[in-house]
Structures are given as C-alpha cells and as structure tokens.
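One structure is given here, and the rest of the page talks about it.
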Amino acid sequence: MPFILPANTLSAGGYAVANSCIFDRASTDSMSKSMSDGSSIKGTFSAWIKVDGTGNEMNILSHFQDTSNVFSIATSGSSVYVVDYNSGYSLQLATNRIMRDPSAWFHLYVAIDRSQGTANNRNRIFINGVEETSFSHRTNYGQQTSGGHQDAISMNDGDCTMYLGGLGDGNQMFGGYLAEVVWLDGTASAVTNFGEFDEDSGIFKPIDVSGLSSSKGTNGFYLDFEDASNLGNDAFGGTDLTESNIASTNQTTDTCTNNFAVGNPLVQNDLPAFSNGNLTYTSGSNNYKTGLSTIGVSSGKWFMEVLFVSGSTAIIGVVDEADFSSLNGNTAGAGFTTNSVGYYKDGTKWIADSESSYGASYTANDTIGIALDLDSGTKTVTFYKDGASQGAINLPTTGTGTFFFAPGAYNSVLSANYGSPPYAISSGNTDANGYGNFEFTVPSGYYALNTKNLAEYG
C-alpha cells in the first residue's frame, strides 16, 4: 500500500515554516551548547520532526554529562522517549504510540513542571497538539516547588552540555529533519503557544514562536534554520549552538508546511542504505537496490532529479504500486517488473522487463531528470540527461495507475532530489510555483513533488 499522508503534513494556510535542517545519523550531524545551572523545576521543548523511519533509538535533544547523567528527548523503538537519568531514573516516559513514518511531519511538545501536585502533570507529552495518555513506561518526576537546581536532575544542569541531534558521546544520533526547534528553561509554556488547530481542516499547524524569547531562561534557544551559513543561530538572540558536521546543504525547504517526498525505507525488504534524510541511496554489490518515493501520484505532472554520485550501474525510473512486491530480488529495478519503466545507464530503456534502445548513456556525476505526466491521454515518462530530453515513453496501463519515483542502483551511490536536495546545486531552478531547487530547468507544466503542489495539482 502507498503511504497516505496524515493531515498534519498538508498545508492549511497561515504561518509558513520556510526551512528545516537534515540530521544524518551516519555523519553524526549535531549541534551543541554549553549550559549553566538553570531550572530543575520547569522546561518546555517543541519541534516539528520528520524521522528517517528506521525505528532506532535517536536522541533529538539531550542535556548530557555522561551516560550516567543525562536528560534526553528521543525516539526509541519508534516511540517517543523522555528520560532524566542519574544512576537511576528520576523521569522515564515511553509512549505506546510509534512514530516512524518517514513520509510525514509531526509536532512534538514536552512540558516539565515539577511544581505540580498531581504526578502525571509534572511531565507531559503532546503529539500534534493532543496529549499522550498511553505509556509503556511511566516514572514521573518528584515534586519540587522552589529552590535552586537539584543535583539529582540533569535537565538544565550546568554540569551538562546541551546537544541537538544526539548524545555527547556520539551515540544514538538522530536521523531525519527538524524544524522550529524551541527549548525554554524555567517555563512550562502551553502547547497552544507553539501550534493551533485549523478551524476548517482540524490540522494542527505551526504558529509564530518568536514572541517566546522572553521565556527562554538561562539555557533556552530557538532554531529556525533560516541562515544556511549559520544553522545553529539562536533566533531568540542568545548564544548560538555550535555545529558539528553541519553544512549549508543541511538546510532544506522540506518542512511541516510543505512536505517533500523522500525515499521510503519501510515499503519493501530489499533496500539501499538510506542517509541524508532518506535522499542518498547506497547499494551493495549483491543485487539491485531501489528506493521508492514516499509519495505516489495518479494524476498531475511531476518532476525530480537523481544525481549519479558514484559507482558503475544505475537504473532510474518509475514503478506502479502494483509492483511493490516484485521489487525484492537480484534483478528488481525499475523497468524489470510488469508495471514499471527504467532508464538504464547504458542508454537503453526497460519496460516490463523488456530492453530496447532509447537515449544517451550516463555515468557518475551525471544528473538524470524524470518528468512524469499522468494528465495526458497517454500517460508518459520522459527522462533527461543533464537537462537534455531523451524522449517520452508510454507508461504501462495494467497496474493501479498510481506511480512512484524509483531511483535504483547496483554497487553505486545515488542522491535523489525531489526539490530539496542533500547536495550543492550550482544553478538553482524552481518549478512554476517557485518550489524546489533543481540543477536543470524544470520542464514546463511539471512540478516538484510536495504537499503544496499536491493540494493544487494532484
């Protein structure tokens, strides 16, 4: 089945989030900030998140001294996990809800208020504006109503360093996208200060949080990721976070108000190794590995690019949903199954496992464009090599009619660009709506595969 995008991935108007930051676990991307003793009573975390879908334990925010002294907000086994550990748990929350969908953004809000008399009110988790009430583990903070920082609490502890994207020892790194990241030290700010439900659609959507700067406290910050040259910039005006393995290419326009397609690590078994926000695909030497897009389409005209980074063999194409189960095995690339089309590196085209002549050969450092037309009477796909059209190909008609982009390779590395690339673009071309960042001109009438374009043309 294709992934059905949850409502919160669609733009409902209002405040728009311009940028996010990719955190690549394989590259141990992270940011850090030295801390001073702040509040051990109150704190608030808010962020919009799109995970890489692996289900691995991934720390989003941590206050880390060592593995025996750490406050952490993480996804663990796909659940949301919030702990404060000091040679024992003073706080342990693990939701029963799993959060591993790589196709969707969600909002995570964590509020700490140890002054509350009711134990469950001292530490609360909201997802998409709704409080979580079902937990596999729940150990609440003890009550503290006044006084200085308690040494048994790692939250806002001056002996710790604050990390975004992992722990200080380089383990349990976060993989995915973060946007509108806020930490408030000394304030349990309401979830309604970070988002609101759209009155027409019921979608929980972001609101402007810049006015919360007066509540940031000793260790608070706000990252909007709008400055590509300084993604650790504190938009509250405090001390910037120090970047580690973060570059300008970590900035993306894939956000909670305009969600772009990425590669899908969940839909089949025989997969490439995904990295860089599920946009870089690395295949081994034992068989073809194909990375399907998280978004499938049955109407509209859509465009993407694939950079052939390195290696020897690639076949880049589109696959009908009906062929998902056939994508496992030694020869399962686009074009090798009944309802798929592929453009092979030697310049041939493959349709329903049949090879014929087509266009120019391509190799490492070439960029292959894919223009998918599902609106014409004869549905077609046109491939481009470095901006030059290789000609239209009629699509198979025996499947479901819902097609997914399908870059694939053998013993090679590909980078998929659905409009928010994980690599530097030299020219910078958008679609007619102004979305995307492509190396070559987007064909007239075609659009980047994101939710704003889907709402208008899909």
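Just a few scattered comments:
- Meets criteria (modelled with pLDDT under 90 and not polar (S, T, N, Q)) for Phe45: no
- Scan of segment 154-181 for residues that are among the β-branched types (Val, Ile, Thr) and crowded, with 24+ Cβ neighbours inside 10 Å, ordered by number: Val181
- Residue check, Thr133 β-branched (Val, Ile, Thr), touching a residue at least 12 places away in the same chain (Cβ under 8 Å) and in the same structural domain as Ser40 (by TED's automatic domain parsing): no
- Flag not set for Asn287, criterion: surrounded by 24 or more Cβ atoms within 10 Å (Cβ to Cβ) and part of a loop (DSSP other than H, G, I, E, B).
Rundown of residues vs (1) modelled with pLDDT under 95; (2) outside any loop (DSSP other than H, G, I, E, B), yes/no style:
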{"residue": "Lys205", "(1), (2)": "no, yes"}
{"residue": "Ser213", "(1), (2)": "no, yes"}
{"residue": "Asn219", "(1), (2)": "no, no"}
{"residue": "Asn230", "(1), (2)": "no, no"}
{"residue": "Ala235", "(1), (2)": "no, no"}
{"residue": "Asp270", "(1), (2)": "yes, no"}
{"residue": "Phe274", "(1), (2)": "yes, yes"}
{"residue": "Asn278", "(1), (2)": "no, no"}
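- Only residues that are assigned to a loop (DSSP other than H, G, I, E, B), touching a residue at least 12 places away in the same chain (Cβ under 8 Å) and not charged (D, E, K, R) were counted in segment 406-453, giving 24.
- Whichever residue in segment 343-383 is aliphatic (A, V, I, L, M) and assigned to a loop (DSSP other than H, G, I, E, B) and, among such residues, is surrounded by the most Cβ atoms within 10 Å (Cβ to Cβ): Leu374
- For Gln116: the one exception among (1) assigned to a strand (DSSP E or B); (2) farther than 15 Å from Ala47 by Cβ: (1)
- Those residues of segment 33-53 which are touching a His at 6+ places or on another chain (Cβ under 8 Å) and under 20 Å from Gly232 (Cβ atoms), in sequence order: Met35, Gly38, Ser46, Ala47, Trp48, Ile49
- Selection within segment 165-194 - assigned to a strand (DSSP E or B) and touching a Cys at 6+ places or on another chain (Cβ under 9 Å): Tyr177, Leu178, Ala179, Glu180, Val181
- Subset of segment 43-90 that is charged (D, E, K, R) and buried (at least 20 other Cβ atoms within 10 Å of the Cβ) - its residue that is farthest from Gly129 (Cα to Cα): Asp84
- Summed over segment 13-65, residues that are over 16 Å from Gly166 (Cα atoms), within 15 Å of the chain's Cα centre (by Cα) and of a type outside the set (A, V, I, L, M, F, W, C) total 3.
- Residues being aliphatic (A, V, I, L, M), in contact (Cβ under 8 Å) with a residue 24 or more places away in the chain and either in contact with a Cys (Cβ under 8 Å, 6 or more places away or on another chain) or surrounded by 17 or more Cβ atoms within 10 Å (Cβ to Cβ) (or both) are entirely absent from segment 136-152.
- Search result, residues across segment 214-230 that are crowded, with 17+ Cβ neighbours inside 10 Å and either farther than 21 Å from Phe126 by Cα or within 21 Å of the chain's Cα centre (by Cα) (or both): Gly217, Asn219, Tyr222, Leu223, Asp224, Phe225
- Only one entry of Thr313, Thr249, Thr280 meets the criterion of being within 24 Å of Ser340 (Cα to Cα) and surrounded by fewer than 21 Cβ atoms within 10 Å (Cβ to Cβ), and that entry is Thr313.
The values are calculated or read from the model by the stated rules, or taken from the named source; none is laboratory data. Source: prediction; values computed, not measured. Heads up, the Cβs are rebuilt from the backbone with ideal geometry, glycines too, and the neighbour counts pull from every protein chain shown.
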